[in-house]
Amino acid sequence: MASSVDFNKILYAPLAESDPEVQNIIDKETWRQLNGLELIASENLTSLSVMEANGSILTNKYSEGLPGARYYGGNEYIDELESLCRERALKAFNLDPAKWGVNVQPYSGSVSFSLIFAALTALIQPQDRLMGLGLPDGGHLTHGYYTAKKKMTASSIYFQSFPYAISPESNLIDYAGLAAQAKIFKPRLIICGASAYPRDWDYAELKKTAEKEGAWLLCDMAHTSGLIAAQELNSPFDYCDVVTTTTHKTLRGPRAGLIFFRKDLENAKDLEKRVNEAVFPACQGGPHNNTIAAVATALRQVADPSFKAYAKQVVANARTLASTLLEHGYKLQTGGTDNHLVLWDLRPLGLTGSKVEKVCDLMGITINKNAVSGDASAQVPGGIRLGTSALTSRNMTEADIKVVADFLHRTVQLSLLLQKEAGTKMLKDFVRVATTQQEGKQGFAQVKQLRDEVRAFASKWPLPGVDTANFKTPAGVEED
C-alpha cells in the first residue's frame, strides 16, 4: 500500500521554510558582515555570480578522475566545466599551455588531504627535507612549522623541515641567510610565499639557491594570487616549478585551490602525472564540481579590466592604512607594505594581539592576532594582521581607509585603558571590564560608543550578493 506521506516534499521547500534555524544563522552572519569592517587579510567578499555557481545543482554530481577519464558516468558537462576552468586559470596568469598545466580540483586549507600536502606529495618523499619561511616571520603553518615540543602540521610531521627567516634589522627576507642555511641543510624543496609578509618576493634569488642545492622551488601564492594576476606584484611563474594558491583571498573566488605545474622540465617530464595523482587518489576524493564552477566564474572576472583596477586599489588602500598608522606613531613590521596586508607590532605598547582582537570584535572590526618577528611563541602573538581586500570589495578607497585607520587607532588606545582598568594582564579580566559596566570606570561606555560609530559607518557600504536596501535585521541580533 502506498504511503500517504509525500516523502520528497522536503526537497522542494526553500531554506527559510524547511530550516528556519539555519536561515536565521545565515541572516545573522549577513547582518554581521554588513554592519562590520572585515580586515582579516585571508578573507574577501566574493561576487553574487560566484555564490550562485557555488550553490548550484552541480553539487549533486560525483566526478572522481580527470576530464575524459572519470570513474563515474554522466560527466560530459562536468568535463566541459573543468576544462573551461583550467583554460581560465592559465589565462588569468598569462601562462603558455605548452609550458604550464593546472589541476583545479584541490580543496582549500591546510589539512593533510588538501592543497599544500598534495603539492608536497607530488614533489618529495616522506622524511625528505624542506625549507619554508618561519611562522613568526610571516610564514604559514603548512610550510613546515613546528615548536620545540610539537610538530604542528602534516608538513612537519611527515617531512624534515627547517625555517628560514627575515633579517632582524630590515624585517625583509634574508636571502643570503637562506642560501647559507640551504647549503648546510640540503633541502629537496624550498617553499616561498607567506601569510603575514607585507612585501614582495625576489623569486630570481630564490631560484639561484634552489638550483645550486638541487631543490624544487614551490611558491604558495595563496594570499597574493589576485595581485599577481593583476600584475601588481612579481610573478613566480618565471622561476618556480610548482605554484599553488587558494582562490578565496585576493583572487576573490570560492574556498578552493589550484596547483600549477611545469610541463617542460627535462628533469621531471612526469610532473603533470605526479601532481594529478597526488590530488586524486593520494590526497582527496571526488572534486567539488559546484566549487570548480565558482572558481571558473571568479577567474573570468580576473580577466575583466575592472579586476586590475580593484587589485591596484587594494594595494593603494593597504599603503594608506600603513601610512596612517605610522603617522600615529605605531610600529609596523617592515615599516609598510607592498601588497594587501599590514603587520602591526603591538609589543611597544605593552599589548598582545589577543586583547586587541577581542576589543575589535566588540566593535565589529574583524582582525586576527598574529605573531611578529621575535615572538617567543606563536600562541601568544605580539601583533595583529590587517588586510584591505574585503573593504576594497565594498568600494572603499583611500579616504575611507583613513577613517578605518582612525577606528583602529581609537580601539588600540581604548585597549590600553581597558588593560589599566582591569588591573591585571589576564585576558579574562580584560574582557570583563570591556563587556560589563564597572563603577567608576569608563572603558565599557567607550566600547559601546565606538561600536555604534563603526556600525553606522560600515552599514553605508554595499555588500556583494545582498540587497542591502531591503535587508531586515534578523531575530537574535543585538543592535543597541
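Of the residues making up the range 351-371, those that are of a type outside the set (Ser, Thr, Tyr) and farther than 14 Å from residue 452 by Cα are 351, 353, 355, 356, 357, 358, 367, 368, 369, 370, 371. Pairs are defined by a Cβ separation below 6 Å, a sequence spacing of at least 6 or placement on different chains, a first member in the range 373-384 that is in contact (Cβ under 8 Å) with a residue 24 or more places away in the chain, and a second member that is in a loop (DSSP other than H, G, I, E, B) and among the small types (Gly, Ala, Ser); the pairs so defined are 375/382; 378/371; 381/371. When 238, 200, 220 are checked against the criterion of being touching a strand residue (DSSP E or B) at 6+ places or on another chain (Cβ under 6 Å) and at pLDDT 95 or above, 220 stands alone in meeting it.
Where helices (runs of 4 or more DSSP H) sit wholly within the range 109-203, those with at least 3 residues that are buried (at least 21 other Cβ atoms within 10 Å of the Cβ) and touching a Cys at 6+ places or on another chain (Cβ under 9 Å) occupy 115-123. Can you find a residue in the range 383-401 that is surrounded by fewer than 21 Cβ atoms within 10 Å (Cβ to Cβ), assigned to a helix (DSSP H, G or I) and touching a Leu at 6+ places or on another chain (Cβ under 7 Å)? No. Of all residues in the range 47-63, none are in contact (Cβ under 8 Å) with a residue 12 or more places away in the chain, more than 26 Å from residue 286 (Cβ to Cβ), among the aliphatic types (A, V, I, L, M) and outside any helix (DSSP H, G or I). Only a single item in (1) at pLDDT below 95; (2) within 13 Å of residue 119 (Cα to Cα) is not met by residue 285, and it is number (2).
The values are calculated or read from the model by the stated rules, or taken from the named source; none is laboratory data. Everything numeric here is computed off the predicted structure, so don't read it as measured data. Because the Cβ atoms are built from the backbone with ideal geometry, glycine has one as well, and the counts that use them run over all protein chains shown.
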